[in-house]
Amino acid sequence: MITELLQYKFIVNSLLAGILASISCGIIGTYIVTRRMVFLSGGITHASFGGIGIGYFFGFNPVISAAIFGILSALGIEYVSKRSNIREDSAIGILWSFGMAIGIMFVFLTPGYAPNLMSYLFGSILTVSALDIWLMLALSVLLILVFSLFYRLILFIAYDQEFARTHQIDVSFFNYLLISLVALTIVLNIKVVGIILVISLLTIPQSIANLFTKNFKNIMLVSVVIALIGAFLGLLISYKINIPSGASIIFSLVMIFFIAKMFLLIKREIVLKSGLGKKF
Amino acid sequence: MSKIVELKSVFAGYNDEVILKDVSLEICDDDFIGIIGPNGGGKTTLLNVVLGLIKPFKGSVEFFNNEKSLNNKIGYLPQTNKIDRKFPITVKDVVLSGLLYGNALFGSYSKSQKQKATETLKRVGICDLKEMTIGELSGGQMQKVLLARAIVSSPRLLILDEPNTFVDNQFEGELYEILRQLNEEMAVVMVSHDVGTIASYVKTIACVNRNLHYHKSNIISEEQLASYNCPIKLITHGEVPHTVLKKHNHS
């Protein structure tokens, strides 16, 4: 069956997209989860819908306009939350809904039916284009480069920004750089799992990995592997029963989470029963 | 004694609020200054000015190099409640980050840096915790990790923001003993809300309540306290080192 499936170009594309999504989300998701930026990331995700609407209206690739819109919103939130008296989560809430509003306005102003709109909301890995794949590949390479070159500094700043600042480290530069990478990762993965579900790829694999390891680097690596397993399982389910791939990928990931949690609970019980627990 | 930092009539605060008014302070080698004062009086703001985390609205902050020591580094121990205890990082990596400066970008830590970190962990007495994740530590152990990170770079000035919160008495005693030893190599500035116990260790006391009153000893008289309306406990030294605590009710 596999060789037969691989003859279809769209299947090969979706597999490639799954691999690349796992790499980018595994890396950036670890940064998001450990810095407790999940809500901020949700805000950027939804704000980028504004970019998709603008893309539809002016007739260019919605991924490109969403990327620009997403990065600008991310930089905006970072700037506003540092410089003004507005609470960070309130600023996120405003941008979250404003982006969605802009998107809806432009989609409805666009004459005729908006094709593929559902695929942006719920994800459709089967419709990823060659351009999407190239962009995702470039992103994965960029993330691997940035995180291996600046690993120590990123960890240092993520752990204690204020202390890093007392060490003459340009903390705001790194904050702006990383928030832009978060936005790019979100937007380029929208095709795979959709706006509504993209946050899951950035949090579930990391939460599973965090059950087994408490080391930043290991969480990144394990997350990539878990995201890969989830993506393949999800694709298989999506193909078999014909449902959007985003939903089936997330369903698979949550199942893996429960199995992992169960595994750890059973392991603890066995340790307790075998008497090894008495040592403690 | 040569000067490390000098603040000259500094006005500082956040956004549009001025918290510190006309504050002048000299920190020299060998100093051990206890900074006390009421909540919201500007203790942390003062530290932030010295650390360069905030720029004063008015006045100057000047750093000095002397021939004896060109090392102008400042070691900093923040309040522990500012730290995310669930962050996935090992004790070793936290301490090593104390050696990382803006210019050190690529690669990994050198052998001598790792050795320095191990030595520092031994010095504060927690070398056996090296491989643990910070989430597994107790409050006192966490403070020692942060102290190790602050001193691993052999700074000329060590700044501590309420190191005695969330820890038990035994730890507090150990901490002051370590600080007393460190003071032989570096100046120490420590913020505390609990003056009673620090009094016998610090050499001088600065009381911060919007403005700053500096005492060239660690003895404050009741009259002095009354004069600047700073609700703190009273500390004195008698024949045998002892601490007298008295309640104050300044309006």
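The values are calculated or read from the model by the stated rules, or taken from the named source; none is laboratory data. Small disclaimer: the values here were computed from a predicted structure and weren't measured. All Cβ positions, even for glycine, are placed from backbone atoms using ideal geometry, and neighbour counts span all protein chains on display.
Determine whether the range A:259-269 contains at least one residue that is of a type in the set (A, V, I, L, M, F, W, C) and closer than 23 Å to residue A:8 by Cα.
Let us first name the residues in the range A:259-269 that are of a type in the set (A, V, I, L, M, F, W, C), namely A:259-260, A:262-266.
Those left that are additionally closer than 23 Å to residue A:8 by Cα: none.
The answer is no; no qualifying residue exists.
Filter the range A:2-59 for residues that are polar (S, T, N, Q) and within 20 Å of residue A:231 (Cα to Cα) and give the result. Within the range A:2-59, A:3, A:7, A:13, A:14, A:22, A:24, A:30, A:45 qualify. Filtering the range A:135-194 to residues that are within 11 Å of chain B (Cβ to nearest Cβ), under 22 Å from residue A:43 (Cα atoms) and aromatic (Phe, Trp, Tyr) leaves A:173, A:174.
Scanning for something within 14 Å of chain B (Cβ to nearest Cβ), surrounded by fewer than 24 Cβ atoms within 10 Å (Cβ to Cβ) and not β-branched (Val, Ile, Thr), does the range A:16-36 turn up at least one residue? Yes, the range A:16-36 has at least one match. Among the conditions (1) closer than 28 Å to residue A:237 by Cβ; (2) touching a helix residue (DSSP H, G or I) at 6+ places or on another chain (Cβ under 8 Å); (3) surrounded by fewer than 18 Cβ atoms within 10 Å (Cβ to Cβ), residue A:176 misses just one, which is (1). In the range B:128-142, the condition of being more than 27 Å from residue B:12 (Cβ to Cβ), among the basic types (Lys, Arg) and either modelled with pLDDT under 65 or surrounded by fewer than 17 Cβ atoms within 10 Å (Cβ to Cβ) (or both) is met by at least one residue. Tallying residues that are within 14 Å of chain A (Cβ to nearest Cβ) and within 24 Å of residue B:2 (Cα to Cα) within the range B:23-52 yields 6.
The lone criterion from (1) assigned to a helix (DSSP H, G or I); (2) within 14 Å of chain B (Cβ to nearest Cβ); (3) of a type in the set (A, V, I, L, M, F, W, C); (4) more than 13 Å from residue A:186 (Cβ to Cβ) left unmet by residue A:86 is number (1). Comparison of A:29, A:112, A:18 shows that the only residue that is modelled with pLDDT under 95 and assigned to a helix (DSSP H, G or I) is A:18.
Is it true that some residue in the range B:118-126 is at pLDDT below 90 and at the interface with chain A (Cβ under 10 Å from one of its Cβ atoms)? No, every residue in the range B:118-126 fails to be at pLDDT below 90 and at the interface with chain A (Cβ under 10 Å from one of its Cβ atoms). In the set B:154, B:97, B:138, B:108, which member is of a type outside the set (Asp, Glu), more than 9 Å from chain A (Cβ to nearest Cβ) and more than 27 Å from residue B:206 (Cα to Cα)? Unique residue meeting the criteria: B:138. Give the range B:71-97 a look and list any residue that's among the β-branched types (Val, Ile, Thr) and within 18 Å of residue B:186 (Cα to Cα), or say none. Scanning the range B:71-97 gives a single hit, B:74. Among the residues of this structure, residue A:210 counts as one that is under 16 Å from residue A:30 (Cα atoms), within 11 Å of chain B (Cβ to nearest Cβ) and surrounded by fewer than 22 Cβ atoms within 10 Å (Cβ to Cβ).
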